[in-house]
């Protein structure tokens, strides 16, 4: 049997994490912004070795959570709840690191 003193504090250790969320169009989905940048390079006659450019959006979160997985899941939930991306046309890449 385990007994607890009610005056005892239970401490949960939290850490600060930086979470980068990269949202890009899935392969096969048009990327007008990437195409425009590529066309501009071609028209200027420079960087002819560049064959394709894909654009993406990056969101940077700073969050306090108990571990990396919790930080990742919390940020993904925020993105889903706010409908920041369309899962039908977008891929999402999440990078978490301790700050």
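Since every read-out is calculated from the coordinates, none of them should be taken as a lab result. Quick caveat, the model's predicted, so the values are computed rather than measured. Quick reminder, even Gly has a Cβ in these numbers, built from the backbone with ideal geometry, and neighbours come from all protein chains shown.
Remark: pairs (first residue in segment 71-96, touching a residue at least 12 places away in the same chain (Cβ under 8 Å); second residue surrounded by fewer than 16 Cβ atoms within 10 Å (Cβ to Cβ) and part of a helix (DSSP H, G or I); Cβ separation under 7 Å; 6+ apart in sequence or on different chains) = 94/76; 96/68. Checking each residue in segment 74-99 for being exposed (fewer than 14 other Cβ atoms within 10 Å of the Cβ) and farther than 21 Å from residue 27 by Cβ picks out 77, 80, 81, 82, 83, 97, 98, 99.
Selection of segment 40-70 for residues being touching a residue at least 40 places away in the same chain (Cβ under 8 Å) and assigned to a strand (DSSP E or B) yields 60, 61, 62, 63, 64, 65. When restricted to residues that are under 26 Å from residue 29 (Cα atoms) and more than 9 Å from the chain's Cα centre (by Cα), segment 60-70 contains 0.
I'd like the full set of residues that are surrounded by 15 or more Cβ atoms within 10 Å (Cβ to Cβ) and under 17 Å from residue 14 (Cβ atoms), limited to segment 41-67. Listed by number, the residues that qualify are 61, 63, 65.
Of the residues that sit in segment 71-98 and are assigned to a strand (DSSP E or B) and within 11 Å of the chain's Cα centre (by Cα), which one is farthest from residue 22 (Cα to Cα)?
Filtering segment 71-98 for residues that are assigned to a strand (DSSP E or B) and within 11 Å of the chain's Cα centre (by Cα), the one farthest from residue 22 (Cα to Cα) comes out as 96.
Restricting attention to segment 26-34, does a residue exist that is part of a helix (DSSP H, G or I), more than 22 Å from residue 13 (Cα to Cα), without any contact (Cβ under 8 Å) to a residue 60 or more places away in the chain and in contact with a strand residue (DSSP E or B) (Cβ under 7 Å, 6 or more places away or on another chain)? Checked against the condition, which is being part of a helix (DSSP H, G or I), more than 22 Å from residue 13 (Cα to Cα), without any contact (Cβ under 8 Å) to a residue 60 or more places away in the chain and in contact with a strand residue (DSSP E or B) (Cβ under 7 Å, 6 or more places away or on another chain), segment 26-34 yields no hits at all.
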